[in-house]
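My structure is below; once you've seen it, I'll send some questions.
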Amino acid sequence: MTGIIVSVVIYYYCRNQFLFWFSISAFLAALSAEQYLKKVDDVPLNRTNLTINVRVSAVLNENIPNTYFEAVVIDAYLPSNQADISLSSSHRLLILWPDAPVLKQGQIWQLPVKLSRIVGRINQAGFDAERHAVSRNIHGRAVVRVSGSNIPVLITQHITWRQQLFDRVTQLTNNMPYQAYLLALAFGERSGLDKDDWTKLRDSGTAHLLAISGLHIALAMLLGWMIGAKLKLLLPQKTLFIWTPMITGLTVALVYAWLAGLTIPTIRALLMCFIIGSLKTTGSYWRHWQVLLVTLSLSLLLAPFAIYSASFWLSFYAVAVLVLFSVGQRYFPLVKMPHHTFSTTHLHASFLQLVKIQCWLLVLMLPIQWLWFGGISIAAPIANLFAVPWISFITVPLVLIAVITLWFPMLSSTLWQCANWSLLPVVEGIAWLEGAWYGLSMSYQPVLWCVVIIVLGATLLPFRRFKWLYISLLFLSVIGILKPNNKTSQWQVMVLDVGHGLAVIIHKAGRAILYDTGNRWQESVVAGSTILPVLENMGIKQLDYLVISHDDSDHAGGKALISEKFSPQYSYSSNYNDEGYFPCIKGQSWSWQGLSFTVQWPIQQVSRARNPHSCVVRIQAENGQGPSLLLTGDIDAIAELMLVKLAPTLTADILLVPHHGSKTSSTNTFLDHVKPSLALVSTGVFNSWNLPAQAVKEKYQQRNIQWLSTGRVGQITIDVDNESYQVRTQRSTTATQWYRPKWL
């Protein structure tokens, strides 16, 4: 109410519509954020055991094991000591249910769970669970815990129509090789796509086609419009019936969007179809940017947190590029020809127009693609030039008609088979483009924006009319490039936030060394979602060294993936069964870009390196000046005491806390001997071992040693020079958005 009053007062005195709508928008944004945070606060701070009734809210594929799914809370049965927890039907949860039965959208289950808030791994690149949660309007995370009499109970077998249609289509397409693609096009459900499928789609730049995108909604609208136009000819020619094409078109588009679960791109497309359809029916005229701006405003009004999703930005950004392209044609029309003619010249011009559009999309979407995916597909214009019209005008209509005719199984099955065959040239074609994905480091960001500015400037601001502007920009760019850099040479220590596990990057002058590779769970490797994106974001194509402290999964879980992707020149391990690895034992040392690496422990290799056999490495400048770093792996108390005995002069300014802060390590003797000023511990907030131990943390604090935990502060980056070091944490620098858990 306060925001509305302020907005009215501003409009009354200033008579400025922009300020009025801006203040209204700011008020609605603040209100939405406050409501979201209130619901998050209702979720217990620490993991809490309770029983909840939930409704499955996502369409699920019965052929794929359902480990994670989204659900809406119906009711909660709270223990007596947790009366302050308040869960209602407005709360949405992400539920982890190992070995879950076949789940269906609409079912209501009573589940014994361990409930907690969502805390993601925060690094300079990689998957951000907290941002993903707010974009999906999810307020907490629950893990199903089955024990004794606490077992899941199915309360209501009700299944939604969308799930029933999905199951029917799944049965009809079970034996088709491209079933996963068909389900993605029909329902926007892409869980059936495997890793190889995603690699092909990413490398070819066609991932946007394998879902119900805005273009497909527009095609559905066009199909319904054509049906309505034919129907209008059979109706009395009254003013009321001029809306028939609009109504039929919007109905078909709405049904298709409903099949996709009314996602952000489909909502955007629906709103745009409604606006354009209304304008055409009434004979009104709006400029392109007006349609785009109104659609953007309405989309954010309906789903304010969509701004944190990649699909929102890619969808609206792509449309904005097309609007700019249409504006640019006023300056550089491709071909001038008489209207209402069709010839070879006309066909050639249309093809060139499509090529030019794809080139515009490739160039102008460089920054947004880099921001969300860390790279670009060089082959995207070629692939989309042929795949977009093929999928849009052949496959999608077949899919639409196949869905409409589901009540005639023979006909529908035939249409699904035809749609499956139509995907053959596309899927096989993009397979040839595998490897066309080019990852871009963070240093390329200014270059990308410069390319965008140059392309827009060359189109909208012709050189012949703005030559002094271009000369001035060129002059300033040259000054910026030639400006001397007085910054001293540095090396960086980056302790990545990998949850319970360890991964440390030593970085200098565009080259890197990796110490440990994070955890792995069955098919999930944390290196793929964390370490790889960070290294690619830094522009690292190959590792100089890979050091594996020991064989435990939380340290060596990603070594196969890292070795495959980054081909380390040298690899070290204290396990002599690791083929191709040099022994990481006391006495080994090497120099790297002015830094000295000295192995302090163990004294010999073993057949299976456990915690006590962790490879301990000390790093410092070769001249012995400046801060030093000690990487300790998971050594225990006995190893610490033996290490101190064998290296009586061992000290370090920065210490990686042994064994994630376990009580079995960090002895008083070890700490008093090493005398660190900074202690870094790598662990997750909600780990099963409650690490780091409070008693261990107090040991460091009693010695006035600065303590930083990746679980609390995210990725820790230390800039080291010849005299001192500076510490930056991800949650205090870049990850400071309003939805981040402040209690950390």
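What shape does region 148-220 have by the C-alpha gyration tensor, where a ≥ b ≥ c are the square roots of the eigenvalues, rounded means a/c under 1.5, and otherwise prolate means a/b greater than b/c and oblate the rest? Could the numbers behind the result be given before it?
Values: a/c = 2.25, a/b = 1.70, b/c = 1.32.
Here region 148-220 falls in the prolate category.
Another question, if that's okay. Positive end of the charge dipole of the chain (Lys, Arg +1 and Asp, Glu -1 on Cβ, about the Cα centre): tell me which of Leu469, Ile531, Val696 has its Cα farthest that way.
Leu469
Then there's this: Three principal axis extents, largest first, for the C-alpha atoms of the chain, in Å?
Here the Cα extents, ordered largest to smallest, are 99, 76, 64 Å.
How would region 43-159 be classified by its alpha-carbon gyration tensor: rounded, prolate or oblate, with rounded meaning a/c under 1.5 and the a/b versus b/c comparison settling the rest?
Here region 43-159 falls in the oblate category.
Can you tell me the FRET efficiency between Asn150 and Gln625 if r is taken as the Cβ-Cβ distance and R0 is 45 Å, rounded to the nearest 0.05? Don't skip to the end; give the middle numbers.
Values: r = 60 Å, r/R0 = 1.34.
E between Asn150 and Gln625, to the nearest 0.05, is 0.15.
Which helices, counted as full DSSP H runs in the chain, have an axial Cα extent of no less than 20 Å and a Kyte-Doolittle average of -0.5 or above? Kindly include the intermediate steps, with their values, before the conclusion.
Details: long enough: 17-42 (38 Å, 0.48); 214-233 (29 Å, 1.40); 244-259 (23 Å, 1.47); 264-282 (27 Å, 1.32); 288-302 (21 Å, 1.67); 310-328 (26 Å, 1.95); 344-364 (30 Å, 1.07); 445-460 (22 Å, 2.15); 467-482 (23 Å, 1.96).
Within the chain the helices that satisfy the rule are 17-42, 214-233, 244-259, 264-282, 288-302, 310-328, 344-364, 445-460, 467-482.
Still on this structure, I have one more. Between Leu646 and Thr199, what is the label-point separation in nm under the 7 Å Cα-to-beta-carbon projection?
4.0 nm
I'd like the antiparallel share, as a percent to the nearest 5, of DSSP beta bridges with both residues in region 43-159. Don't skip to the end; give the middle numbers.
On the way: 27 of 31 bridges.
Bridges in region 43-159 are about 85 percent antiparallel.
Another one. If I take R0 = 25 Å and measure r between the Cβ atoms of Trp432 and Trp521 in this structure, what FRET efficiency does the formula 1/(1 + (r/R0)^6) give, to the nearest 0.05? List each step's numbers first, then the result.
Working: r = 34 Å, r/R0 = 1.36.
Step by step, r from the Cβ atoms, then E = 0.15.
Dimensions of region 158-287 along principal axes (Cα, Å, largest first)?
Principal extents (Cα only, largest first): 54, 37, 26 Å.
Is region 164-440 best put as rounded, prolate or oblate by its Cα gyration tensor, with a ≥ b ≥ c the root eigenvalues, rounded for a/c under 1.5, and otherwise prolate when a/b is larger than b/c, oblate when not?
On the way: a/c = 1.39, a/b = 1.05, b/c = 1.32.
Rounded is the answer for region 164-440, as its axis ratio a/c remains below 1.5.
Please compute the net charge surrounding Ala609, taking Lys and Arg as +1 and Asp and Glu as -1 over other residues with Cβ under 11 Å from its Cβ.
Values: positive: Arg608, Arg610; negative: Asp551, Asp552, Asp578, Asp634.
Net charge around Ala609: -2.
Among the listed pairs Lys508/Lys586; Lys586/Lys645; Lys508/Lys541; Lys38/Lys742; Lys508/Lys697; Lys559/Lys645, which are separated by more than 22 Å between their Cα atoms? Write out the running numbers ahead of the final one.
On the way: Lys508/Lys586 25 Å; Lys586/Lys645 13 Å; Lys508/Lys541 14 Å; Lys38/Lys742 13 Å; Lys508/Lys697 31 Å; Lys559/Lys645 32 Å.
Pairs exceeding 22 Å: Lys508/Lys586; Lys508/Lys697; Lys559/Lys645.
Another question, then. Spin-label point model (7 Å from Cα, Cβ direction): what's the Trp372 to Trp289 distance in nm?
Distance between label points: 2.3 nm.
In nm, what is the difference between 0.36 nm times the number of residues separating Lys742 and Ser443 and their Cα-Cα distance?
Values: separation 299, 0.36 × 299 = 107.64 nm, distance 3.02 nm.
Going from the current span to full extension adds 104.6 nm.
Order these peptides, 605-611, 524-530, by their mean beta-carbon neighbour count within 10 angstrom, highest first.
Working: 605-611: 16.3, 524-530: 21.4.
The packing order, highest mean first, is 524-530, 605-611.
Roughly how many whole Å is it from the C-alpha centroid of region 370-401 to that of region 577-621?
49 Å
If you average the sequence gap of Cα pairs under 8 Å that are 6 or more apart and divide by the length of the chain, what percent do you get for the contact order?
Numbers: 1318 pairs, mean separation 68.6, N = 744.
Relative contact order, the chain: 9 percent.
Counting DSSP beta bridges with both partners in the chain, what percentage is antiparallel, nearest 5? Present the calculation step by step, with values, prior to reporting the outcome.
Details: 64 of 87 bridges.
Of the beta bridges lying entirely in the chain, close to 75 percent run antiparallel.
Further, regarding this structure: Need the full-extension length gain, Phe22 to Lys232, defined as separation in residues times 0.36 nm minus the C-alpha distance. One decimal, nm.
Details: separation 210, 0.36 × 210 = 75.60 nm, distance 4.21 nm.
Stretched fully, the Phe22-Lys232 segment lengthens by 71.4 nm.
For the chain, what is the mean residue ellipticity at 222 nm derived from helices alone (per DSSP H run of n ≥ 4: -39500 (n - 2.57); sum divided by total residues; nearest 500 deg cm²/dmol)? Walk me through the intermediate numbers first.
Numbers: 27 runs with 321 residues, N = 744.
After summing the helix terms and dividing by the residues of the chain, the value is -13500 deg cm²/dmol.
Also, quick follow-up: Exposed loop GluC sites (Glu not before Pro) only (DSSP loop, at most 10 other Cβ atoms within 10 Å): please give the longest stretch of the chain free of them, not including the sites. Intermediate results must be reported in sequence, preceding the final value.
Values: sites that count: Glu523, Glu579, Glu723.
Between the exposed loop sites, the longest stretch runs 1-522.
With both partners inside region 491-733, how many of the DSSP beta bridges are antiparallel, as a percent to the nearest 5? Walk me through the intermediate numbers first.
Values: 34 of 53 bridges.
Counting only bridges with both partners in region 491-733, antiparallel ones make up about 65 percent.
Okay, next question. Between region 233-274 and region 704-720, what's the alpha-carbon centroid distance in Å?
The distance from the Cα centre of region 233-274 to that of region 704-720 comes to 54 Å.
Here, each number is a calculation from the coordinates, and none is a lab measurement. Computed from a prediction, not measured in an experiment: that's the story for all the values here. Please note: Cβ atoms are built from the backbone with ideal geometry, for glycine as well, and neighbour counts cover all protein chains shown.
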